[in-house]
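Data first, discussion second: the structure below is written as structure tokens.
The values are calculated or read from the model by the stated rules, or taken from the named source; none is laboratory data. Quick caveat, the model's predicted, so the values are computed rather than measured. Ideal geometry is used to build each Cβ from the backbone, glycine not excepted, and the neighbour counts take in all protein chains shown. For the accessible areas, the whole protein counts, side chains as well, though only heavy atoms, and no ligand, DNA or RNA atoms are used. Shrake-Rupley method; radii C 1.70, N 1.55, O 1.52, S 1.80 Å.
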Amino acid sequence: MAATSPSTGPQTGPSAGSSASSSAAPSAGSSAGSSAREKLADARLYLCTDARKRQGDLPEFLDAVLSSGVDIVQLRDKGMEAAEELDHLAVFAEACRRHGALLAVNDRADVAHAIGSGVLHLGQGDLPVPAARAILGQDVLIGRSTHAEAEVAAAVAQPGVDYFCTGPCWPTPTKPGRPAPGLSLVRHTAALRPTRPWFAIGGIDASNLDEVLEAGARRIVVVRAITAAADPAEAAAGLAKRVRAA
């Protein structure tokens with residue numbers, strides 16, 4: 001996974017692989033978009049986490065993992081109303097500003113616009129990319145989920161897409177019932193040598209990370225490998241070190 005490029009037109013080639021309140025304006029100006037793209041190009045470890053309501057430690061948790069190697073963090077807490085999501089995202093946004101990390105919003109372009117996040121991630125069944133671009137403009141990065149070779153091909157070429165995730169590598173309770181295409185899809189994606197950054201996702205942890213790297217991924221998305229760890233900061237640091245050394 002490698003250097004990113006403007007989100008227009010087909011892209012193939014060599015590769016290695018806001019505001020704190022809900023009234024915040026979206027990212028503005030080409031410098032903001034450029035900075036976010038530079039951070040995306042350098043990103044290796046992407047974390048999806050819930051709002052830590054059970055643990056009650058969201059600010060402390062975010063500070064710990066963002067200071068230990070997490071480059072992008074996404075709030076993924078299905079079923080949350082927009083107002084509650086914005087309240088939690090304000091905590092994410094402040095932590096990301098402190099640590100120079102990227103904040104990703106899952107699924108909802110309206111929420112991404114309201115919080116001023118640098119990233120919106122869209123699944124295959126979510127808002128079409130052109131519609132999201134119409135809401136967010138050109139400076140917000142848009143990512144896609146891909147679960148099959150045809151979806152990877154579309155994510156590599158579609159205008160408006162800045163990065164994509166491929167998987168799941170293994171079945172995961174985060175997406176119950178979703179078949180896992182496995183590491184074969186990671187190998188297929190790596191063989192395409194996309195110029196857009198891409199991340200392997202799905203069931204990745206310290207015990208199987210070497211398999212993912214051997215398949216050709218150089219960026220990963222994790223959930224439980226950090227959120228369920230006894231020491232989230234230590235887990236994040238270990239994963240980040242290994243991915244960056246690959």
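So here's what we get for this one:
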{"read-out": "Lone qualifier among Ala154, Ala132 - being farther than 20 Å from Asp71 by Cβ, in a helix (DSSP H, G or I), touching a helix residue (DSSP H, G or I) at 6+ places or on another chain (Cβ under 7 Å) and small (Gly, Ala, Ser)", "value": "Ala132"}
{"read-out": "Residue match in the range 154-174 (condition: open to solvent by less than 70 Å² (accessible area, probe 1.4 Å), at pLDDT below 95 and in contact with a Gly (Cβ under 6 Å, 6 or more places away or on another chain))", "value": "yes"}
{"read-out": "The range 180-195 - residue that is open to solvent by 20 Å² or more (accessible area, probe 1.4 Å) and assigned to a loop (DSSP other than H, G, I, E, B) and, of those, farthest from Val212 (Cα to Cα)", "value": "Thr195"}
{"read-out": "Residues of the range 211-246 that turn out to be assigned to a helix (DSSP H, G or I) and within 22 Å of Val152 (Cα to Cα), as a count", "value": "5"}
{"read-out": "Number of the condition not met by Ala104 [criteria: (1) of a type outside the set (Ser, Thr, Tyr); (2) open to solvent by less than 50 Å² (accessible area, probe 1.4 Å); (3) touching an Asp or Glu at 6+ places or on another chain (Cβ under 8 Å)]", "value": "(3)"}
{"read-out": "Filter pass, Ala112 being at pLDDT 95 or above and open to solvent by 40 Å² or more (accessible area, probe 1.4 Å)", "value": "no"}
{"read-out": "Number of the exception - Ala24 against (1) under 27 Å from Gly137 (Cα atoms); (2) open to solvent by less than 20 Å² (accessible area, probe 1.4 Å); (3) modelled with pLDDT of 50 or more; (4) over 17 Å from the mean Cα position of the chain (by Cα)", "value": "(3)"}
{"read-out": "Count of residues meeting criterion [over 17 Å from Ala109 (Cβ atoms) and in a strand (DSSP E or B)] in the range 42-98", "value": "7"}
{"read-out": "Matching option when the condition is within 19 Å of Arg76 (Cβ to Cβ) and of a type outside the set (Lys, Arg), among Ala215, Ala229, Ala153", "value": "Ala229"}
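Listed here are the residues, each with its yes/no results for (1) out of contact with any Gly (no Cβ under 8 Å at 6 or more places or on another chain); (2) at pLDDT 95 or above; (3) surrounded by fewer than 16 Cβ atoms within 10 Å (Cβ to Cβ).
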residue	(1), (2), (3)
Thr12	yes, no, yes
Ser31	yes, no, yes
Pro59	yes, yes, yes
His88	yes, yes, no
